[in-house]
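Some notes on the structure that comes next.
We did not get these values from a lab; they are worked out from the coordinates using the rules stated. If you're wondering where the values come from, they're calculated on a predicted model, not measured in any experiment. Here Cβ is always computed from backbone atoms with ideal geometry, including for glycine, and neighbour counts include all displayed protein chains.
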Amino acid sequence: MAHTARIALTLYFVRHGRTEMNRLGLLQGRGGHGLLPEGVIDAEKAAAALARKSVNLVYSSDQQRAIETARIIHGHLGLRSPLRRSPALREMDYGEMSGRHDDEVRRLCPLWRKDARFIFPGGESFALVQARAFRWLDRLLQRHRSGTFAVVTHGGWIRTLFAGLKGVPLSRCLNGSVNHGVAGRLDVSSERGLHLSVTPGVTIFPPS
């Protein structure tokens, strides 16, 4: 009788470095620009944290701030494998609210941060982002049986995925936060299944 091949994957999820819109408290979503000087430092610190983790492949959102972060990590790690970009790793699409201040969006869209099913006009909801994140992860697990990867993406994307992996209702996770840098480690094996370790500073859901 044939044995199922053992899956031995490790994924390090990284939030991109800081940008001007982060500094100003604006919703970037699908827009935004590149990294601030301190954002470059964020990326370099993430690279240093991954330096001895045997990373052999880097995936990245195809948005500028993520790509710049991923390139710094990729370069510091001296990888020969090409950087792999994926639109599935993009941040939540805030639609018509993109570029507005967080406080203004809370006033104009009172269901935001309260109802995971609320869809921004012309954009997405937290629930849709979570579904997209899990589709990406499922495809990755079908494509790879082994390896250690860095995955450079965005704060909202990371929180929705982590909430699902931890079995936390998404409605409790709408006001969490993710520091810029390495946000967590996902180990995948046929023995343990999926095991997520969250980095201190990442709040899947705020304490009650």
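In plain terms, the residue of ARG84, ARG135 with the fewest other Cβ atoms within 10 Å comes first and the most crowded comes last, giving ARG135, ARG84. Compactness of region 8-198, taken as the C-alpha radius of gyration over 2.2 N^0.38 Å, stands at 0.99. Summing Cβ point charges (Lys, Arg +1; Asp, Glu -1) relative to the Cα centre of the chain gives a dipole of roughly 560 debye.
Taking every C-alpha pair closer than 8 Å and separated by at least 6 residues, the mean separation divided by the residue count of region 1-132 gives a relative contact order of 24 percent.
Evaluate E = 1/(1 + (r/R0)^6) for ARG172 and LEU194, where r is the Cβ-Cβ distance and R0 equals 22 Å; express this FRET efficiency to the nearest 0.05. Approximately 0.65, to the nearest 0.05. Within the same chain, lysines fewer than 8 places from LYS114 are excluded, and of the rest, those with a Cα less than 22 Å from its Cα are LYS166. Of all DSSP beta bridges confined to region 8-198, the antiparallel ones make up roughly 50%. Extension gain, GLN142 to ASP187: 0.36 nm times the residue separation minus the Cα-Cα distance gives 14.7 nm.
First check a/c for region 1-97, with a ≥ b ≥ c the square roots of the eigenvalues of its C-alpha gyration tensor; if it is under 1.5, answer rounded, and if not, answer prolate when a/b is larger than b/c or oblate otherwise. Verdict is oblate for region 1-97.
Of the residues SER171, PRO82, ALA116, the one whose Cα sits farthest towards the positive end of the charge dipole of region 8-198 is PRO82 (charges of +1 on Lys and Arg Cβ, -1 on Asp and Glu Cβ, taken about the Cα centre). When the Cα positions of THR148, ALA127, GLY31 are compared along the charge dipole of the chain, THR148 comes out farthest toward the positive end, with charges on each C-beta of Lys, Arg, Asp and Glu. Protection proxy ranking, highest mean first, for peptides 155-164, 54-63, 171-180: 155-164, 54-63, 171-180, where packing is the per-residue count of other beta-carbon atoms within 10 Å, averaged.
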